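The values are calculated or read from the model by the stated rules, or taken from the named source; none is laboratory data. Bear in mind the structure is a predicted one, so any value in this text is a computation, not a measurement. With ideal geometry, Cβ positions are generated from the backbone for all residues, glycine too; neighbour counts draw on all protein chains shown. Heavy atoms of the whole protein, side chains included, go into the accessibility calculation; ligands, DNA and RNA do not. Shrake-Rupley method; radii C 1.70, N 1.55, O 1.52, S 1.80 Å.
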Amino acid sequence: MSMFKVGGAHVEEEPRDRSFEEQRFEAIFNQALVGIAQVDLTGRFTLVNQQFCELVGRSREELLRLRMQDITHPEDLGGNLPLFERAAKGGTAFTIEKRYLRPDGSVIWVNNAVSVLTDAQGEPHHIVAMTQDITERKHTEARLRFLSDASRVLSEWPEEVEQAFQAIARLAVSSVATTCVADLVQPEGELRRVAAAHREPSMEPIVRRLMKYPFATTTPIYEVLQTGEPLLRTDITPEMNQRIAHDAEHLEILRALGAHSAMAVPLKARGRMLGILLFSTNEPGRRYARDDVAMAEELAHRTVATLENARLFRESQDAVRLREEFLTVASHELRTPLMSLNLQIQSLQRGLSEQSRQATTRTLSAVRRQLTRLSSLVDSLLDVSTITAGRLELELSEVDLVQLVREAVDRMHDVFAQAGSAVTLHAPSAPVLGRWDAARLEQVLMNLLGNAARYGRGHPVHVELYTDNAHAFLRVRDEGIGIAPEDRERIFGRFERAVSRRNYGGMGLGLYITRQIVEALGGEVRVESEVGRGSTFEVRLPLSRG
């Protein structure tokens with residue numbers, strides 16, 4: 001009976017004919033679908049099967065003169081050697097992913113499952129590795145990682161388009177390409193190179209020279225723009241470079257780059273061609289395939305989506321800016337004739353006889369009310385324009401909030417009388433002082449009181465002012481129609497309303513302006529409401545801003 005030990009486990013077998021054992025081992029060893037290699041404790045190969053030879057691109061005779069360290073990628077030795085040395089000293093089996101270098105300079109990724117062979121005394125004497133090719137899996141991981149990283153870059157898309165494409169190109173050459181260039185279609189229809197990058201920093205001067213050579217209309221790559229279909233070249237020849245080159249200098253650059261495989265994908269949006277992305281590689285043994293093209297097309301799709309979103313955002317910003325400019329100009333232009341008309345009405349009233357004044361008082365009062373309403377709307381539009389443009393300026397001074405609230409309630413007396421709403425005010429007898437903008441706070445009060453009169457028509461309105469150690473609190477409560485839960489936050493937006501414009505007036509600007517003013521003063525405004533039972537708006541303001 002024979003006994004041997006693999007990875008620390010003793011295995012016993014019944015004695016058999018040695019020739020049969022050798023034949024069985026040789027059949028399993030040579031017909032295995034994975035590479036098998038045995039090395040001694042120094043790393044020198046002592047036994048390899050045909051599959052391993054094919055994986056690393058070397059003959060059996062050549063490998064038996066080499067060590068494992070001789071064909072391992074230099075960047076992977078640091079992680080591989082400590083595990084090997086530990087196993088050679090009696091350690092346990094391990095698994096590692098690493099790269100082997102082939103004689104032609106190409107790289108193969110492998111998964112090595114490593115076991116230790118020991119003698120009857122338990123001493124290590126050889127190490128065996130079962131080797132599986134995982135190169136394609138690694139390429140797939142690289143493609144997915146690249147798309148993930150590219151999505152992050154696209155999410156941080158800078159305003160400068162060329163800067164964004166340069167970032168994409170640099171990211172590409174760090175993982176899926178040796179060289180990457182981007183050309184965009186210009187308004188006149190010509191291509192312009194906007195980005196170029198190379199994996200090796202030493203090639204930077206050559207890449208800079210490449211920037212002035214966009215794809216010529218006579219090259220196969222230019223056909224990508226005409227057909228809208230990607231282009232794949234798995235074997236670039238010197239003759240192809242000659243056809244692509246603009247001139248002798250360009251040909252010299254292409255030869256220096258040394259690409260032997262390339263792919264180009266269109267950048268297109270709704271049938272419009274925006275440009276071309278080109279990826280090329282000079283890695284030995286590396287040839288782009290359909291999976292690589294699919295990755296490039298996905299990147300192009302994401303890039304175009306980001307480009308379009310950026311364009312739409314710019315257009316919307318321009319539209320907003322034009323609208324705000326119009327509101328500002330229109331508001332200023334409307335204020336002048338409104339003021340003039342108001343002065344003329346006052347002059348007309350003073351010039352009327354007593355008899356005529358009595359006959360026209362009701363009409364003139366109605367006209368003045370409409371003028372006041374129109375002036376308030378114009379002021380609101382101007383305020384919205386100012387706030388949107390970020391130009392809301394505050395004039396801070398010491399303000400007595402008690403006096404301000406009492407004056408606002410008095411000023412709204414006729415409005416509440418017309419609405420049939422009685423007003424009660426509870427406020428401290430002593431002043432409530434803070435550094436605020438009196439005119440803007442008055443605007444807040446008028447908006448809240450006006451809302452209470454409009455939506456609480458026919459019901460009492462309660463105004464309360466109180467303080468704690470750090471804040472002043474103003475509460476305006478009505479017993480009117482109330483606000484649905486889903487509308488309570490929305491009503492603070494521009495032109496937002498929770499009720500029909502047909503039944504209730506206003507442009508939906510008052511609460512938006514109110515919140516912006518209160519927050520600019522360091523406070524906050526919130527609402528509590530129940531449909532059919534009224535609403536309570538509460539403004540909290542800091543008593544000191546320091």
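Note that the range 257-268 has calculated 3J(HN,Hα) couplings of 5, x, 5, 10, 8, 8, 8, 10, 10, x, 9, 9 Hz, one per residue in order, obtained from phi through the Karplus relation 6.51 cos²θ - 1.76 cosθ + 1.60 (θ = phi - 60°); glycine and proline are x.
For TYR288, the amide hydrogen comes within under 5 Å of the amide hydrogens of ALA262, counting only partners 5 or more places away or on other chains and with H modelled in the peptide plane. Each residue of the range 186-203 was assigned a 3J(HN,Hα) from its phi angle through the Karplus curve 6.51 cos²θ - 1.76 cosθ + 1.60 (θ = phi - 60°); the sequence is 8, x, 7, x, 7, 8, 9, 6, 10, 7, 7, 8, 9, 5, 8, x, 5, 8 Hz, with glycine and proline shown as x.
Bridging of LYS98 to aspartates and glutamates at a Cα separation below 12 Å is possible for GLU75, ASP76, ASP133, once same-chain residues fewer than 8 apart are set aside. Taking 0.36 nm per residue of separation and subtracting the current Cα-Cα distance, fully stretching the chain between PHE473 and THR237 would add 77.0 nm. On the beta carbon distance between HIS73 and THR218, with R0 = 56 Å, the FRET formula returns roughly 0.85. If R0 is taken as 22 Å, the Cβ-Cβ distance between GLU190 and ALA310 corresponds to a FRET efficiency of 0.50. Residues THR234, THR303, ordered by accessible area of protein heavy atoms at a 1.4 angstrom probe radius and largest first, appear as THR234, THR303. Remark: the range 208-265 carries a charge dipole of roughly 220 debye about the Cα centre, counting +1 on each Lys and Arg Cβ and -1 on each Asp and Glu Cβ.
Between ALA422 and ARG533, the simple label model (points 7 Å from Cα in the Cβ direction) yields a spacing of 2.2 nm. Straight-line cross-link partners of LYS138 among the aspartates and glutamates, defined as a Cα under 13 Å from its Cα and at least 8 positions apart when in the same chain: GLU97, ASP291, ASP292. Taking amide H as placed 1.01 Å from N in the peptide plane, the amide H of ALA472 sits under 5 Å from that of LEU541, LEU543, each at least 5 places away or on another chain. Take the range 16-78 with all the other protein chains still there, run a 1.4 Å probe, and you get 59 Å² of accessible area per residue.
Charge dipole of the range 21-116 (Cα centre as origin; +1 on each Lys and Arg Cβ, -1 on each Asp and Glu Cβ, all else neutral): 180 debye, rounded to the nearest 20.
The modelled label-to-label distance between ARG65 and LEU81, using points 7 Å beyond Cα along the C-beta direction, is 2.4 nm. Under 5 Å from the amide H of VAL48 lie the amide H atoms of GLN38, each residue being 5 or more positions distant or on a separate chain, with H modelled from the backbone and absent for Pro and chain starts. Each of ALA484 and GLN50 was given a label point 7 Å from its Cα along the Cα-to-Cβ line. The distance between the two points is 7.8 nm. When its C-alpha radius of gyration is set against 2.2 N^0.38 Å (N residues), the range 185-251 gives a value of 1.20.
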